[in-house]
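Worksheet for the structure shown next.
The values are calculated or read from the model by the stated rules, or taken from the named source; none is laboratory data. Only a predicted model underlies this, so the values are computations on that prediction, with no experimental measurement involved. Here the Cβ positions follow ideal geometry from the backbone for every residue, glycine too, while neighbour counts run over all protein chains shown. We work out accessible area using only protein heavy atoms, side chains counted, and drop any ligands, DNA or RNA first. Shrake-Rupley method; radii C 1.70, N 1.55, O 1.52, S 1.80 Å.
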Amino acid sequence: MQTTAGVESFLNIYALNEQSVTIEFGSVINENVFQKVTSFNNLVNQNPFPGFYTTVPAYATLTVFFDALQVIQSDLPGADCFEKVSGYLAGLKGKQNTAITQSATITIPVCYGEDFGPDINAVAGLHNITAQEVINLHSSAVYKVYMIGFVPGFAYLGGMPDLLETPRKSTPRGAVPAGSVGIAGKQTGIYPLETPGGWQIIGRTPLQMFNAARPQPALLKAGDQVVFKPINRQGFNRLTAK
């Protein structure tokens, strides 16, 4: 694997494959590291190099995808694609704006418990609290979307209260309904499509989290802030009808 030493906030840049490189900014999940990822992601997209295709931000890394033929034919300095791209990215570091990017806060209505949240009582029992306290805690935080993955539109949210940290289910479900809100470890997330899954399901949102026909198919993107608003079943049905 080709690697190069980091520059300032970079820990490492390495070749993921022949058409992408990954930049490491840290080894932990926290707001400071993710802000570096977000800031540099914006910088790369504002200053694309020849052959640049797209970027994929994650908790502590940014992967940059490119057209290898365009890169090797470009006048970027370097003997191969990795040297050309990694050198260009390292050079961009000096232009990086370290100001904190403010994101709009997106409110997600959730109907907690009952058949929408079949694991809420198990989560409550594990932490010796009531189901209502699980709802209060889960809906009291402001979350950050750290990355999109697993299936299209699945947002991994950080910032959940420590008291709700809960292991995944020992046996995953064969089908988790779209809109289900779950907990896994220190994270919470929303299933955008019906899919197998092992997260502890505590509620469901009536919002359509992913729709390929929309200009932006996924409702959430990395860097967004999210708050959950408890609603009752009547509210759920009303929003579903809309």
Residues in region 117-142 that are within 14 Å of I183 (Cα to Cα), in a loop (DSSP other than H, G, I, E, B) and open to solvent by 50 Å² or more (accessible area, probe 1.4 Å) total 1
Members of region 191-206 found to be buried (at least 20 other Cβ atoms within 10 Å of the Cβ) and either under 13 Å from the mean Cα position of the chain (by Cα) or over 19 Å from Q132 (Cβ atoms) (or both), listed by number | Y191, P192, G197, W199
Out of all the residues in region 26-40, which are farther than 15 Å from D224 by Cβ, assigned to a helix (DSSP H, G or I) and in contact (Cβ under 8 Å) with a residue 24 or more places away in the chain?
-> V33, K36, S39, F40
Has region 61-81 got any residue that is in contact with a strand residue (DSSP E or B) (Cβ under 8 Å, 6 or more places away or on another chain), hydroxyl-bearing (S, T, Y) and at pLDDT 90 or above?
-> yes
Within region 41-50, considering residues that are assigned to a loop (DSSP other than H, G, I, E, B) and in contact (Cβ under 8 Å) with a residue 24 or more places away in the chain, the one most open to solvent (accessible area, probe 1.4 Å) = P50
Could you please give the count of residues in region 218-239 that are loosely packed, with under 14 Cβ neighbours inside 10 Å and farther than 23 Å from M160 by Cα?
-> 4
Listed by first then second residue, the pairs whose first member lies in region 217-242 and is on the phi > 0 side of the Ramachandran plot and assigned to a loop (DSSP other than H, G, I, E, B), whose partner is open to solvent by 40 Å² or more (accessible area, probe 1.4 Å) and not basic (K, R), with beta carbons under 7 Å and at least 6 positions apart or on separate chains, are G223/T101
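Residue by residue, here is whether (1) under 25 Å from R233 (Cα atoms); (2) modelled with pLDDT under 95; (3) not acidic (D, E) holds:
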| residue | (1), (2), (3) |
| --- | --- |
| V145 | no, yes, yes |
| L157 | yes, yes, yes |
| V181 | yes, no, yes |
| G203 | yes, no, yes |
| L207 | yes, no, yes |
| P215 | no, yes, yes |
Give the residues of region 196-242 that are of a type in the set (D, E, K, R) and within 21 Å of C111 (Cβ to Cβ), sorted by residue number.
-> R204, K229, R233, R238, K242
For region 169-190 the number of residues that are open to solvent by less than 30 Å² (accessible area, probe 1.4 Å) and either assigned to a strand (DSSP E or B) or touching a residue at least 40 places away in the same chain (Cβ under 8 Å) (or both) is 10
Restricting attention to region 143-168, which residues are part of a strand (DSSP E or B), touching a Leu at 6+ places or on another chain (Cβ under 8 Å) and either free of Cβ contacts under 8 Å to residues at least 60 places away in the same chain or of a type in the set (S, T, Y) (or both)?
-> Y143, Y146, T166
